[in-house]
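The values are calculated or read from the model by the stated rules, or taken from the named source; none is laboratory data. Quantities reported herein were computed from a predicted structural model and do not represent experimental measurements. Counting neighbours? That spans all protein chains shown, and the Cβs are built from the backbone with ideal geometry, glycine included.
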Amino acid sequence: MWADEAVFYQIYPLGFTGAPMPNDGVCVNRIQKVKGWIPHLKKLHIGAVYFSPVFESDNHGYDTRDFTKIDCRLGTNEDFKAVCDALHENGIKVVLDGVFNHVGRGFFAFRDVQEKKWDSPYKDWFHLNFDGNSAYNDGFWYEGWEGHYELVKLNLYNPTVVEYLLNCVGRWIDEFGIDGLRLDVAYMLNEDFMRRLRAYCDGKKPEFVLIGEMIHGDYNRITADGLLHSVTNYECYKGLYSAFNSMNLFEIAHSLGRQFGPEPWTLYRGKHLMNFADNHDVTRIASILNDEKQIYPLYGVLFAMPGIPCLYYGSEWGSKGEKHEGDSALRPCFDAPVENELTAFIEKLAKVKTESRALNYGDYKNITIQNKNLLFERHCDHETVFVAVNAENAPCSIDARGEYKAIDFLTGETSDIHGRVELPPYGVKYLKLV
């Protein structure tokens with residue numbers, strides 16, 4: 001699967017382009033802005049852009065009005081196709097947000113129910129009760145997503161709804177050439193629906209990738225055969241920033257060992273989960289770290305751990321934003337990409353990640369774990385890489401448990417390891433053993 005070797009880049013289009021919220025109904029080709037960022041994406045060795053919602057919505061994109069029409073605040077379908085074509089021409093694949101659990105109150109089928117009540121042919125598209133009433137005084141009760149009644153839950157047990165959504169996905173593949181979907185709140189989706197979606201996409205485009213939003217629970221549940229290819233790795237998201245903030249790298253080492261280690265009880269060995277330091281729903285990593293310089297070794301771990309790394313737009317230069325400040329703080333508009341020391345460092349990590357078979361497919365094993373330093377191994381046939389990171393503002397020496405000759409992927413330097421790996425403050429080394 002192509003995604004197993006790719007670095008993803010997430011863009012929240014409505015924020016990225018500075019579109020007004022709620023929807024003002026005015027069509028402006030804002031989405032073309034992405035084309036101007038393609039040179040930046042290529043420097044970062046990005047293999048796929050994951051777009052948060054792009055379809056016509058009431059407000060923030062997750063309250064869909066029309067699955068067949070690009071949000072007018074971003075432009076037309078033709079405008080978005082031009083962006084997809086430009087990305088594809090530059091070797092960058094396109095993944096969209098599949099928001100199938102719920103729709104907005106402006107969705108055509110829900111509006112029909114509001115108007116016709118029992119007489120609407122769409123009343124079985126939702127979870128309704130005509131003996132109750134909604135917070136909006138619709139004259140009937142309906143289920144919303146986690147108590148958010150601007151998000152109307154779809155009835156994915158209704159075959160007509162499933163066929164409608166599959167037809168929409170087929171249209172996106174035909175019209176825009178998309179290469180995959182990230183399924184919003186996949187942990188709540190009907191597994192039969194996900195199985196139908198997988199079979200449909202496999203038949204339509206065999207290399208089409210499906211990645212589910214999964215926060216808690218057993219990731220195997222929805223990445224079993226015939227379901228999704230991958231899920232978001234929230235366990236290690238939390239483990240990353242928490243381990244660095246507490247100066248306790250045992251935390252992230254334990255999570256990675258639990259998920260991918262050599263023990264027979266390891267949970268997800270061989271699976272490629274989507275890893276991230278931040279996204280559109282959480283505080284930016286540059287804001288959550290107590291010591292901002294730890295962002296270097298943190299990204300060093302992120303790009304070397306098993307799975308698919310995903311960058312959130314702006315975080316590659318250390319943009320800040322805190323969740324308590326609201327969505328606009330997490331989903332800002334930037335005039336142009338910024339290229340600084342952190343950006344250059346991430347460019348190196350991404351290049352190594354995309355070129356190293358061990359980092360893409362290798363087994364994971366902890367070698368030496370210390371509170372402030374970590375050394376782990378990624379190994380596959382013909383390649384072994386030691387990944388060493390230092391979380392503190394002081395040099396460190398880590399037990400490498402042997403004598404080796406190695407090439408540092410990040411500097412190109414060859415050196416002899418005499419039992420220990422030496423690191424500068426906040427240092428990162430990707431050592432290919434030779």
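Quick notes on this structure:
Residue-wise test of (1) buried (at least 17 other Cβ atoms within 10 Å of the Cβ); (2) closer than 23 Å to Ala3 by Cβ; (3) at pLDDT 95 or above.
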position: Leu342; (1), (2), (3): yes, no, yes
position: Asp363; (1), (2), (3): yes, yes, yes
position: Glu377; (1), (2), (3): yes, no, yes
position: Asp381; (1), (2), (3): no, yes, no
position: Ala388; (1), (2), (3): yes, no, yes
position: Cys396; (1), (2), (3): yes, no, yes
position: Arg401; (1), (2), (3): no, no, no
position: Phe409; (1), (2), (3): yes, yes, yes
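- Only residues that are of a type in the set (Gly, Ala, Ser) and closer than 22 Å to Leu189 by Cβ were counted across region 107-155, and they come to 3.
- Unique residue being modelled with pLDDT of 95 or more, over 18 Å from Phe303 (Cβ atoms) and not β-branched (Val, Ile, Thr) when the list is Tyr200, Tyr237: Tyr200
- Candidates Phe276, Phe260, Phe244, Phe250 - the one that is touching a Pro at 6+ places or on another chain (Cβ under 7 Å) and either of a type in the set (A, V, I, L, M, F, W, C) or surrounded by 18 or more Cβ atoms within 10 Å (Cβ to Cβ) (or both): Phe260
- Tally, over region 263-273, of residues that are surrounded by fewer than 21 Cβ atoms within 10 Å (Cβ to Cβ), out of contact with any Phe, Trp or Tyr (no Cβ under 8 Å at 6 or more places or on another chain) and of a type outside the set (Phe, Trp, Tyr): 3
- Residues of region 44-81 satisfying the condition of being among the β-branched types (Val, Ile, Thr), closer than 16 Å to Cys168 by Cβ and in a loop (DSSP other than H, G, I, E, B): Val54
- Strands (runs of 3 or more DSSP E) wholly inside region 119-215 containing at least 3 residues that are touching a helix residue (DSSP H, G or I) at 6+ places or on another chain (Cβ under 7 Å) and surrounded by 18 or more Cβ atoms within 10 Å (Cβ to Cβ): 209-212
- Per-region count, region 385-409, residues over 21 Å from Asn366 (Cβ atoms), of a type in the set (A, V, I, L, M) and touching a strand residue (DSSP E or B) at 6+ places or on another chain (Cβ under 7 Å): 1
- When residues in region 344-361 are screened for being among the small types (Gly, Ala, Ser), under 20 Å from Lys43 (Cα atoms) and surrounded by 15 or more Cβ atoms within 10 Å (Cβ to Cβ), 2 of them pass.
- Only listed residue being of a type in the set (Phe, Trp, Tyr), over 20 Å from Leu289 (Cα atoms) and either assigned by TED's automatic domain parsing to the domain that holds Ile369 or in contact (Cβ under 8 Å) with a residue 12 or more places away in the chain (or both), chosen from Phe250, Phe244, Phe208: Phe208
- Subset of region 90-118 (residues that are of a type outside the set (Asp, Glu), touching a Lys or Arg at 6+ places or on another chain (Cβ under 7 Å) and surrounded by 15 or more Cβ atoms within 10 Å (Cβ to Cβ)): Val95, Gly98, Asn101, His102, Gly104, Gly106, Phe107, Val113
- Residue match in region 286-296 (condition: crowded, with 20+ Cβ neighbours inside 10 Å and on the phi > 0 side of the Ramachandran plot): no
- In this structure, Leu375 does satisfy being in contact (Cβ under 8 Å) with a residue 24 or more places away in the chain, under 30 Å from Pro264 (Cβ atoms), touching a strand residue (DSSP E or B) at 6+ places or on another chain (Cβ under 7 Å) and not assigned by TED's automatic domain parsing to the domain that holds Ser230.
- Residues (surrounded by fewer than 19 Cβ atoms within 10 Å (Cβ to Cβ) and of a type in the set (A, V, I, L, M, F, W, C)) located in region 2-36: Trp2, Met21, Val26, Cys27, Val28
- Among the residues of region 274-325, the ones that are of a type in the set (Asp, Glu) and under 21 Å from Asp184 (Cβ atoms) come to 2 in all.
- Only residues that are more than 14 Å from Glu422 (Cα to Cα) and either in a loop (DSSP other than H, G, I, E, B) or not polar (S, T, N, Q) (or both) were counted in region 377-401, giving 8.
- Selection status of Asp327, surrounded by fewer than 23 Cβ atoms within 10 Å (Cβ to Cβ), farther than 24 Å from Asn248 by Cα and either among the aromatic types (Phe, Trp, Tyr) or touching a helix residue (DSSP H, G or I) at 6+ places or on another chain (Cβ under 9 Å) (or both): yes
- Pairs with Cβ under 8 Å, 6+ apart, first in region 2-31 and acidic (Asp, Glu), second outside any helix (DSSP H, G or I): Asp4/His272; Asp4/Ile308; Glu5/Gly47; Asp24/Arg73
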